[in-house]
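See structure below.
The values are calculated or read from the model by the stated rules, or taken from the named source; none is laboratory data. Bear in mind the structure is a predicted one, so any value in this text is a computation, not a measurement. Neighbour counts run over all protein chains shown; Cβ positions are idealised from the backbone, glycine included.
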Amino acid sequence: MSRLACKMYLNEGQKAEYKKRHNEIWPELKKLLKDSGVSDYSIFLDEETNTLFAFQQINGESCSQEFGQSDIVQRWWNFIADIMQTTPDNSPISIPLEEVFYMK
């Protein structure tokens, strides 16, 4: 099992909408993530900077950031593009973070 962490950026004033959309995550997107080995997926918000911190455990070869060719992921990116900073293909700007400490 491996772990992945990254940061993303929420647009100002979009906390409630971001939470709402993720609380209603599409079942087919959740299934894709779980079927691909992504588990224990959490996203935290630093309200001072609107920085999102995402963490996931991965039992397999892929992480959620590699599913961009999937139709459901592309639809999700389009769905959240108005509330986050994104790249030209509407994928969230996602910056991998280096693990510098881990206590088991």
*Does TYR9 fit the bill of being part of a helix (DSSP H, G or I) and either of a type outside the set (A, V, I, L, M) or under 12 Å from the mean Cα position of the chain (by Cα) (or both)?*
no
*Please go through the range 30-67 and pick out each residue that is of a type in the set (A, V, I, L, M) and at pLDDT 95 or above.*
ILE43, LEU45, LEU52, ALA54
*Scan the range 15-24 and give yes if some residue there is of a type in the set (Gly, Ala, Ser), part of a loop (DSSP other than H, G, I, E, B), farther than 24 Å from ASN59 by Cα and over 12 Å from the mean Cα position of the chain (by Cα), otherwise no.*
no
_Which numbered condition ASP40 fails, given (1) surrounded by 13 or more Cβ atoms within 10 Å (Cβ to Cβ); (2) of a type outside the set (A, V, I, L, M); (3) under 15 Å from the mean Cα position of the chain (by Cα)_ = (1)
*Identify the residue in the range 70-92 that is assigned to a loop (DSSP other than H, G, I, E, B) and either in contact with a strand residue (DSSP E or B) (Cβ under 6 Å, 6 or more places away or on another chain) or closer than 13 Å to LEU29 by Cα (or both) and, among all such residues, is modelled with the lowest pLDDT.*
SER70
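For every residue, the table says whether it meets (1) closer than 23 Å to LYS104 by Cβ; (2) surrounded by 15 or more Cβ atoms within 10 Å (Cβ to Cβ); (3) in contact (Cβ under 8 Å) with a residue 24 or more places away in the chain.
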site	(1), (2), (3)
GLY13	no, no, no
ILE25	no, no, no
ALA54	yes, yes, yes
TRP76	no, yes, yes
ASN90	no, yes, no
*Would you pick out the residues in the range 25-39 that are of a type outside the set (Asp, Glu) and either assigned to a helix (DSSP H, G or I) or under 18 Å from ASN78 (Cα atoms) (or both)?*
ILE25, TRP26, PRO27, LEU29, LYS30, LYS31, LEU32, LEU33, LYS34
